[in-house]
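Here's the structure, in structure tokens; my notes come after.
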Amino acid sequence: MKEYFLIILGGLLINNFVLVKFYGICPFLGVSKKTDTALGMGMAVTFVMALASVFAYVIYEYLLVPFELTYLKTIAFILVIASLVQIVEMVIKRFSPTLYQALGVYLPLITTNCAVLGVAMLNTEAIKIGAAEVTVNLFGAFLNGAFSGLGFTLAIVLLAGVREKLARADVPKAFQGFPITLMAAAIMAMAFSAFSSLAF
Amino acid sequence: MLAIQISGILIPAAILLAVAALFALVIVVLSRKLSVEENEREKEVLSHLAGANCGACGYPGCSGFAKALCEGKAQLSDCSATPKEGKQEIGKILGVAADGEDTVAVVRCNGGSHCQSKYEYQGYGDCRTAELLAGGRKACPVGCIGLGTCTDVCPNYAIDVGEEGFAVVDREKCTSCGLCIRNCPKKLIDRIPRSARVYIACSNDCRGKDVKELCSSGCLGCTLCSKVCESGAITMKNNLPVFDYSKCTGCLKCVEKCPVHCIKEVKE
């Protein structure tokens, strides 16, 4: 039980994908102008990350490890994720046109989001969470994917909130746009790095 | 030895290929089973849109905009990225007039010499450099600086700073290319339909008392124009009138009634 708790906490805060591990910076900066689109993107990434970690774990554990082909994991995971996003897109388009409309172009873009590949890769090794180390099983992989995705959502929604306020602030010309956004992100990252001192 | 090496390459390759083939099969089967009938019209409209997926129209991507267009929820003019030819094609598909409404630029300020100065500006420079010095020489934060950046950038010599000290557009020459709109540091230049008869030539949205202290021809937000308008084409927003040109009959009552004469009649 304690392991699962650690994975949840690690994904959300301690090993926050964006602010501590610096994965998925592209959508983090690109889709964080408004909180509602940021939330949409976050939920889409969460969904794909949870699914991808399960599928990648199955492929890794039951195909690559028995054949001693673990060095193929990068290319295999890329294959899995790209196909998965295609399938997810088709399924969503068929069964929930509203969700498909809301996600729009973000869904195919997730294929190239390194956070998704990152979580699949991390699941193959022991995960460091604060002082503890956890090796994941299938359920752990799912939890890690889902809660890392939620951690991504948390970070992107927080930044979107900051950027909405910044749009109305009197920012010096040299700092307008991305410079001030990156500075805000850096301060958030410093705040999040404090979670790494949590000990269990 | 050679056999071992070859099998060491072939087995991983075969496994990877098998996984890829499996996924490909699943995708093919699913795409057959789950294929959604797409609206042919939407597809065709989408093919003529810019495809920038910029989201400026307020819909999720160009496909969302194409859907809204076909359902009549969106206007073609909501998209600024699609070139004119594309819009005409879409107009043909949808059977509506292709956004055709010709536009012309107008300057949303008639302050000039009526507007007080913050300081005397002497020497070289245009509006963009003057803007860097405490926001220009005019006391009004959204007043035309009158140093002619728009004149400099206009390829058609269609805009000039008149004797009264604010820029004026020559409708005959203006092609609505938008260069002045992009270069005006005060963002005072705007497009209106070419058929429009009147426009508001002030951008100051402060309260009437504050405007009056700065400029004798600034909009006071008195709402007289919206009250005198019989067709209900004028609504007040942030102390400024907003014109709905589809309702405007061109009676010019608002122009007569405006106490500071900041609603201008467009002279043909």
Mind checking whether some residue in segment A:119-137 is surrounded by fewer than 20 Cβ atoms within 10 Å (Cβ to Cβ), in contact (Cβ under 8 Å) with a residue 40 or more places away in the chain, in a helix (DSSP H, G or I) and away from chain B (no Cβ under 14 Å)?
-> yes
Pairing a residue in segment B:209-227 that is of a type in the set (Lys, Arg) with any residue that is open to solvent by 30 Å² or more (accessible area, probe 1.4 Å), where Cβ atoms lie under 8 Å and the two sit 6 or more apart in sequence or on different chains, gives B:212/B:220
Note on residue A:172: of the conditions (1) within 14 Å of chain B (Cβ to nearest Cβ); (2) exposed (fewer than 14 other Cβ atoms within 10 Å of the Cβ); (3) closer than 20 Å to residue A:47 by Cα, unmet is (3)
Does residue A:143 meet the test of being in a helix (DSSP H, G or I), within 14 Å of another protein chain (Cβ to nearest Cβ), in contact with a helix residue (DSSP H, G or I) (Cβ under 8 Å, 6 or more places away or on another chain) and not polar (S, T, N, Q)?
no
Checked segment A:57-112 for anything over 25 Å from residue B:31 (Cα atoms), more than 11 Å from chain B (Cβ to nearest Cβ) and not in a helix (DSSP H, G or I); matches are A:65
Based on what the data block shows, is residue A:186 surrounded by fewer than 12 Cβ atoms within 10 Å (Cβ to Cβ) and more than 12 Å from residue A:32 (Cβ to Cβ)?
yes
Inspect all residues belonging to segment A:37-49 and state whether any of them is in a helix (DSSP H, G or I), more than 18 Å from residue A:150 (Cα to Cα) and either in contact with a helix residue (DSSP H, G or I) (Cβ under 9 Å, 6 or more places away or on another chain) or more than 12 Å from chain B (Cβ to nearest Cβ) (or both). no
By residue number, the members of segment A:1-53 that are open to solvent by 30 Å² or more (accessible area, probe 1.4 Å) and over 23 Å from residue A:178 (Cα atoms) are A:1, A:2, A:3, A:4, A:5, A:8, A:9, A:12, A:13, A:43, A:47, A:51
How many residues of segment B:120-152 are surrounded by fewer than 18 Cβ atoms within 10 Å (Cβ to Cβ) and farther than 26 Å from residue B:198 by Cβ? The answer is 15
Residue B:83 meets each of (1) under 21 Å from residue B:192 (Cα atoms); (2) surrounded by 13 or more Cβ atoms within 10 Å (Cβ to Cβ) with one exception, condition (2)
Checked segment A:82-113 for anything over 18 Å from residue A:38 (Cβ atoms) and among the hydrophobic types (A, V, I, L, M, F, W, C); matches are A:82, A:84, A:85, A:87, A:88, A:90, A:91, A:92, A:95
With the first residue restricted to segment B:80-105 and required to be more than 22 Å from residue B:51 (Cβ to Cβ) and of a type in the set (D, E, K, R), and the second required to be modelled with pLDDT of 80 or more and surrounded by fewer than 19 Cβ atoms within 10 Å (Cβ to Cβ), Cβ contacts under 7 Å at 6 or more apart or on different chains are B:101/B:193; B:102/B:194
Per the filter on segment A:138-161, residues of a type in the set (Val, Ile, Thr) and crowded, with 20+ Cβ neighbours inside 10 Å are A:153, A:156
Taking segment B:73-88 and the residues there that are assigned to a loop (DSSP other than H, G, I, E, B) and not charged (D, E, K, R), the one that is farthest from the other protein chains (Cβ to nearest Cβ) would be B:83
Requiring at least 1 residues that are over 23 Å from residue B:258 (Cα atoms), the helices (runs of 4 or more DSSP H) wholly within segment B:141-230 are B:149-153, B:179-183
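The values are calculated or read from the model by the stated rules, or taken from the named source; none is laboratory data. Note that the structure is a prediction, hence the values are computed from the model and not measured. Cβ sites come from the backbone with ideal geometry, for glycine too, and all protein chains shown count toward neighbours. Ligands, DNA and RNA are excluded from the accessible area calculation, which covers all protein heavy atoms including side chains. Shrake-Rupley method; radii C 1.70, N 1.55, O 1.52, S 1.80 Å.
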